[in-house]
1. Among the residues of the stretch 78-86, are any more than 21 Å from residue 225 (Cβ to Cβ), open to solvent by less than 10 Å² (accessible area, probe 1.4 Å), out of contact with any strand residue (DSSP E or B) (no Cβ under 8 Å at 6 or more places or on another chain) and part of a loop (DSSP other than H, G, I, E, B)?
2. Taking the stated definitions as given, is residue 137 in contact with a Phe, Trp or Tyr (Cβ under 8 Å, 6 or more places away or on another chain) and open to solvent by 30 Å² or more (accessible area, probe 1.4 Å)?
3. Looking for something part of a helix (DSSP H, G or I), open to solvent by 30 Å² or more (accessible area, probe 1.4 Å) and over 17 Å from residue 28 (Cβ atoms) - is there at least one such residue anywhere in the stretch 241-260?
4. Considering only residues of the stretch 354-375 that are at pLDDT 85 or above and surrounded by fewer than 15 Cβ atoms within 10 Å (Cβ to Cβ), which is farthest from residue 308 (Cα to Cα)?
5. Residue by residue through the stretch 100-134, note down the ones that are within 21 Å of the chain's Cα centre (by Cα) and open to solvent by 30 Å² or more (accessible area, probe 1.4 Å).
6. Only one residue in 223, 217, 174 is touching a Pro at 6+ places or on another chain (Cβ under 7 Å), farther than 26 Å from residue 380 by Cβ, open to solvent by less than 10 Å² (accessible area, probe 1.4 Å) and modelled with pLDDT of 95 or more. Which one?
7. Can you spot a residue in the stretch 397-410 that is of a type outside the set (S, T, N, Q) and at pLDDT 55 or above?
8. Which members of the stretch 148-192 meet the condition of being touching a helix residue (DSSP H, G or I) at 6+ places or on another chain (Cβ under 9 Å), without any contact (Cβ under 8 Å) to a residue 60 or more places away in the chain and under 18 Å from residue 54 (Cβ atoms)?
Amino acid sequence: MPDPAAASTIDQLVRFRASHDGAKPMVIDRASRIRYRELDTTTRDLAATFVEAGVGKGTRVGLIMPNCTRWVQVAIALTRIGAVLVPLSTLLQAGELVAQLRLASVQFLVSVEEFRGHRYLDDLQSGRQSELPALGQVWTVDRLATATAGERPRGIVDAMTETVTAADPLIIIFTSGSSGAPKGVVHSHGSALGAARSGLAARCITSDTRLYLPMPFFWVGGFGSGILSVLLAGATLVTEEAPQPETTLRLLESQRVNLFRGWPDQAEALARHAGSVGVDLSALRPGSLEGLLAPEQRAQPGARATLFGMTEAFGPYCGYPADTDMPTAAWGSCGKPFPGMEVRIVDPDRGEPVAAGTVGMIEIRGPHTLRGICRRSREELFTADGFYPTGDLGHLKRGWVPLLPRPVRRHVQSQRRGRLPQRGRASAAQHRRRRQRLRHQRVRRRGRTGRRGGSVQPRAQRCAAEWICPQTVECVQSADCVAVAGIRRRRPARRHGQTRHPSAA
């Protein structure tokens, strides 16, 4: 049995954890918990049920379900036998759901019947299923719970898991669609596990970690920085379907959560409620979002790295231990590229590398980048020498560059451009006023960031307005600093536009 550092598939990792950490809880929600040994046995049985239903290696299986222990079980069961998981947002409207099912060529769908007013299966049965020629079966979660497998499927599950390799596709995970139509990004077992493994130290996840993560499992922040990271470290994941300040605080206290990752504004909101609820959060340790830490545990502004990544890189591709101050010269940055990841800056129009200190577009290359995007050729996605153009502006510079504050998305971004988040909802008038302020704001940075000297010009300002306020982050490569200006610039038509995924996970 390989150790977790050598495990190259989900099945290998689950088997290792069952034999070494069997009694430890792997995932906990407010209603249930699953230990590592149970995860192994229950997902093997569930995998047999899927085999009985016709799911096999390479079958694309959609999953619509809020965060819970059952979500983890279904995902692990499918990926152990080589099926391709396609997690779908619980925020999707009928047309969006059909579009993503069609784009990913989903063949088998597992879904809750209703969540927060969305009735997903009703949407599909109202004449839309004819638009999905690949979709063969649709199962409710209740049906899955009562289904059983015969002896033959049970007997071949282990043999099926042995055919899965690191190169096989693991997941088609959609970008949030915050700045364009969502894209179905393909990652393999090897690339996904490698990306999650490379960020463990930066996220301070160890075998002793009890991690609270509110990020949806259907996005890379929840799946990669949560589920896979916990599996790799042998840690415990604590989550919930619908976070609310009081219930979340009680959950953090009762489960002795010692690492809180998620959205900074959520941590600050919880801190405001903690006194009135009367909970003990003393188990939280540095590396957690600082809004919930005691004052003496907080770092000075800019001293700790802000993780920055994207779905196409399976989360952050650079960082620094979240409980450690960076060198003073790098304050305000988001750390160093993770092992194996290369970062370069190119001219956005010509695609040629630029001199150090010159603002350009960030391109990345490494074993943890995407394997592809649904219905896109490799030539559309990568440069001739294998770099992936991220669509983000930045520059390489020695030392520290002062940064503008980076915005934080409230709870969950909508799948549709322009729809407001489900929580922390601002009025349309407030958004109009913010956009008006941005149109007149000149965002000054050292170096050339627009067509007129050191200011971001209207085209970039319009992009920034989508995010409510300008955003900027940095990352450090060796002695150099990559200043990532989170204001996107249109690329030539030959390049494919990207959706940024800033991550606090």
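1. yes
2. yes
3. Scanning the stretch 241-260, I find at least one residue that is part of a helix (DSSP H, G or I), open to solvent by 30 Å² or more (accessible area, probe 1.4 Å) and over 17 Å from residue 28 (Cβ atoms), so the answer is yes.
4. 375
5. If the condition is that a residue be within 21 Å of the chain's Cα centre (by Cα) and open to solvent by 30 Å² or more (accessible area, probe 1.4 Å), then 103 is the only one that fits.
6. 217
7. Yes - at least one qualifying residue is present in the stretch 397-410.
8. Once the filter is applied, which keeps residues that are touching a helix residue (DSSP H, G or I) at 6+ places or on another chain (Cβ under 9 Å), without any contact (Cβ under 8 Å) to a residue 60 or more places away in the chain and under 18 Å from residue 54 (Cβ atoms), the stretch 148-192 yields 152, 155.
The values are calculated or read from the model by the stated rules, or taken from the named source; none is laboratory data. Keep in mind it's a predicted model, so treat the numbers as computed, not measured. When we count neighbours, we look across all protein chains shown, and the Cβ atoms used for this are built from the backbone with ideal geometry, even at glycine. Quick note on the areas: whole protein, heavy atoms, side chains included, nothing else; ligands and nucleic acids left out. Shrake-Rupley method; radii C 1.70, N 1.55, O 1.52, S 1.80 Å.
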